[in-house]
Each structure stands twice: as C-alpha cells, then as structure tokens.
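Trainee: Mind looking over this structure? Questions follow.
The values are calculated or read from the model by the stated rules, or taken from the named source; none is laboratory data. All of these numbers come straight from a predicted model, not from anything done at the bench. With ideal geometry, Cβ positions are generated from the backbone for all residues, glycine too; neighbour counts draw on all protein chains shown.
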Amino acid sequence: MDILSFIGLVLAGCAIILGSILKGAGVKALVSVAAFMIVVVGTVAAICVQTPLPVMKRALRMLPWIFRPPQIERAELIKRMVEWSNTARKQGLLGLEPAIEKESDDFIRKGLQLVVDGSEPEVIRNTLEVDLQVREQADTRAAKVFEGMGVYAPTLGIIGAVMGLMSVMQNLADPSKLGAGIAAAFVATIYGIGLANLFFLPAASKLKGAIQSMSEVREMIIEGLISIAQGENPRIIESKLQGYLH
C-alpha cells in the first residue's frame with residue numbers, strides 16, 4: 001500500500017476542515033448539497049462527455065493504483081531472467097517452454113514465446129515495443145481522465161459561486177440573509193478548487209508515475225529477452241539489467 005497517498009488525503013481533509021474551524025466558519029459552512037450537485041456531479045458529467053467508455057472503464061480500474069500501485073519486484077524479475085538464460089544455454093531456447101506456462105504476466109509470456117520460436121532479436125524488440133507503447137498510451141489516456149476532472153472542477157466551482165451570488169442578489173432587500181448567502185456561494189469554489197488540487201490532479205500524477213514505472217519494467221524485460229535470444233552470457237545479462245534497479 002502507498003502510505004503517502006493515504007496520509008496525503010487525510011492531511012488534505014484535516015487542512016480544509018480544521019482551516020474552516022480556525023477561521024471561525026465551522027464545519028457546517030462546508031456542507032452544501034447545491035455546491036455538491038454543481039461541482040461534483042457537474043464534473044462527472046463533463047468528463048463523461050469528454051471520455052470514451054472504454055477509457056472511462058480503464059480509468060476506474062486504475063483508480064485503486066493511487067493506494068496500491070502495481071508492484072513488480074525488479075530484482076526478482078532479473079533473477080528469473082538470468083535463470084532463463086542459463087536454461088537456454090544448457091537446453092536451448094526450447095527449454096524455456098515450461099517457463100511460459102508458469103508466467104502470469106501476458107507481456108512476459110508473449111516475449112518468451114517469441115524467444116522460443118527463434119525470432120530475430122530485432123523482431124522481438126519491434127513486436128514488444130509496439131505492445132509496450134500501446135499499453136502505455138492506453139493507461140496514460142485513462143490517467144488523463146482525472147487530470148481532466150482537475151481542470152473542470154474549479155471552473156464549475158466558479159459557476160456555483162456565481163449562481164449563489166445570483167441568489168444573494170435576489171435578496172438584497174433583506175440584509176440579514178446577505179452574509180449567509182455570500183458564504184454559501186463560495187462553498188462551491190472551495191469544492192471545485194479543493195477537489196482539483198487535493199485529489200484529481202495529484203491522483204493523475206500518481207497514476208502517471210505508476211505507468212512510467214511499469215513501462216521501465218517492460219523495457220527491462222525486452223532487453224533481457226533479447227539478450228537471451230542472442231545467447232549472451234548470463235553474468236553479462238545480469239550486470240546489464242541491474243542498471244534498471246537504480
């Protein structure tokens with residue numbers, strides 16, 4: 001679990017709530033159904049218009065990565081690739097067939113199959129790099145869903161504030177309602193800017209970081225499998241791949 005994401009969200013909530021209390025506004029001042037409808041529901045509506053359904057589904061599946069990003073032990077993976085290299089040198093490339101069945105990652109299985117089939121190193125690289133780029137682009141589009149929400153939320157917060165001020169203007173004849181009305185008008189702005197800067201935009205950055213990390217691991221896999229296909233010494237392969245641990 002990414003403990004920093006959890007700590008960040010807790011601190012964000014504390015910052016808003018305690019800040020409101022210390023400023024004398026109180027917690028109740030932050031509660032507004034109208035602001036929620038305008039900002040939160042409006043942001044969801046805007047992003048639904050912008051985003052194709054498959055991308056939206058992928059974004060929702062990736063959302064847990066904020067707290068539990070995909071964990072791939074690079075050192076363990078390097079160790080496995082060195083073992084595959086030793087197997088290939090002793091038994092030939094066909095000796096790697098049992099390793100294909102044991103692998104749960106479809107990217108690794110695809111690469112191993114290309115090696116076992118005797119594909120040329122350049123063919124292996126081109127095939128796997130296309131796969132890598134497509135995966136990375138699909139995941140990045142999904143991460144940008146939250147980035148888009150971070151763009152729309154503040155604007156909708158301003159719309160909510162303007163609508164609240166419109167309501168205040170209609171009650172200018174009753175000064176007793178002006179203070180509470182103006183305060184309520186700005187709650188939507190707090191919702192919009194707060195959600196954008198304390199959740200949506202940081203979440204998008206966190207997901208992009210996880211995507212980049214996964215791409216680096218796949219690049220390491222490509223280099224390792226090509227080295228095996230070329231029959232390089234296992235020690236050289238291990239030394240080469242250890243550069244990805246930094």
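Trainee: Might you let me know whether segment 124-136 holds any residue that is polar (S, T, N, Q), over 18 Å from Gln230 (Cα atoms), surrounded by fewer than 15 Cβ atoms within 10 Å (Cβ to Cβ) and assigned by TED's automatic domain parsing to the domain that holds Leu195?
Mentor: Of segment 124-136, the ones polar (S, T, N, Q) are 126-127, 133.
Filter once more, so that each one left must be over 18 Å from Gln230 (Cα atoms): 133.
Checking the rest, the ones that are also surrounded by fewer than 15 Cβ atoms within 10 Å (Cβ to Cβ) come to 133.
Right, trim to assigned by TED's automatic domain parsing to the domain that holds Leu195 and you get 133.
Yes, there is a match, as at least one residue in segment 124-136 is polar (S, T, N, Q), over 18 Å from Gln230 (Cα atoms), surrounded by fewer than 15 Cβ atoms within 10 Å (Cβ to Cβ) and assigned by TED's automatic domain parsing to the domain that holds Leu195.
Trainee: Pairs only if they're at least six apart or on different chains, beta carbon under 7 angstrom, first in segment 82-96 and under 16 Å from Ser119 (Cβ atoms), second surrounded by fewer than 13 Cβ atoms within 10 Å (Cβ to Cβ); list them, first residue then second.
Mentor: Matching pairs, first to second residue: Leu93/Gly118.
Trainee: Restricting the search to segment 213-246, which residues are of a type in the set (D, E, K, R) and in a helix (DSSP H, G or I)?
Mentor: Of all residues in segment 213-246, those of a type in the set (D, E, K, R) come to 216, 218-219, 223, 232, 235, 238, 240.
Listed by number, the residues that qualify are Glu216, Arg218, Glu219, Glu223, Arg235, Glu238, Lys240.
To keep it simple, each residue is scored yes or no on (1) under 23 Å from the mean Cα position of the chain (by Cα); (2) surrounded by 16 or more Cβ atoms within 10 Å (Cβ to Cβ); (3) closer than 30 Å to Val44 by Cβ.
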residue: Ala196; (1), (2), (3): yes, yes, yes
residue: Ala203; (1), (2), (3): yes, yes, yes
residue: Lys208; (1), (2), (3): yes, yes, yes
residue: Ile211; (1), (2), (3): yes, yes, yes
residue: Glu219; (1), (2), (3): yes, no, no
residue: Leu225; (1), (2), (3): no, yes, no
residue: Asn233; (1), (2), (3): no, no, no
residue: Leu241; (1), (2), (3): no, yes, no
residue: His246; (1), (2), (3): yes, no, no
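Trainee: Only one residue in Gly150, Gly157, Gly164 is surrounded by 20 or more Cβ atoms within 10 Å (Cβ to Cβ), more than 25 Å from Ser239 (Cα to Cα) and more than 26 Å from the chain's Cα centre (by Cα), so which one is that? So that I can check it myself, show each step before the final result.
Mentor: Details: Gly150 fails: more than 26 Å from the chain's Cα centre (by Cα); Gly157 fails: more than 26 Å from the chain's Cα centre (by Cα).
Of Gly150, Gly157, Gly164, the one residue that is surrounded by 20 or more Cβ atoms within 10 Å (Cβ to Cβ), more than 25 Å from Ser239 (Cα to Cα) and more than 26 Å from the chain's Cα centre (by Cα) is Gly164.
Trainee: For segment 6-57, give me each residue that is polar (S, T, N, Q) and modelled with pLDDT of 90 or more. If you could, list the steps in order and put the result at the bottom.
Mentor: So the first thing to find is which residues in segment 6-57 are polar (S, T, N, Q), and the list is 20, 32, 43, 50-51.
Result: Thr43, Gln50, Thr51.
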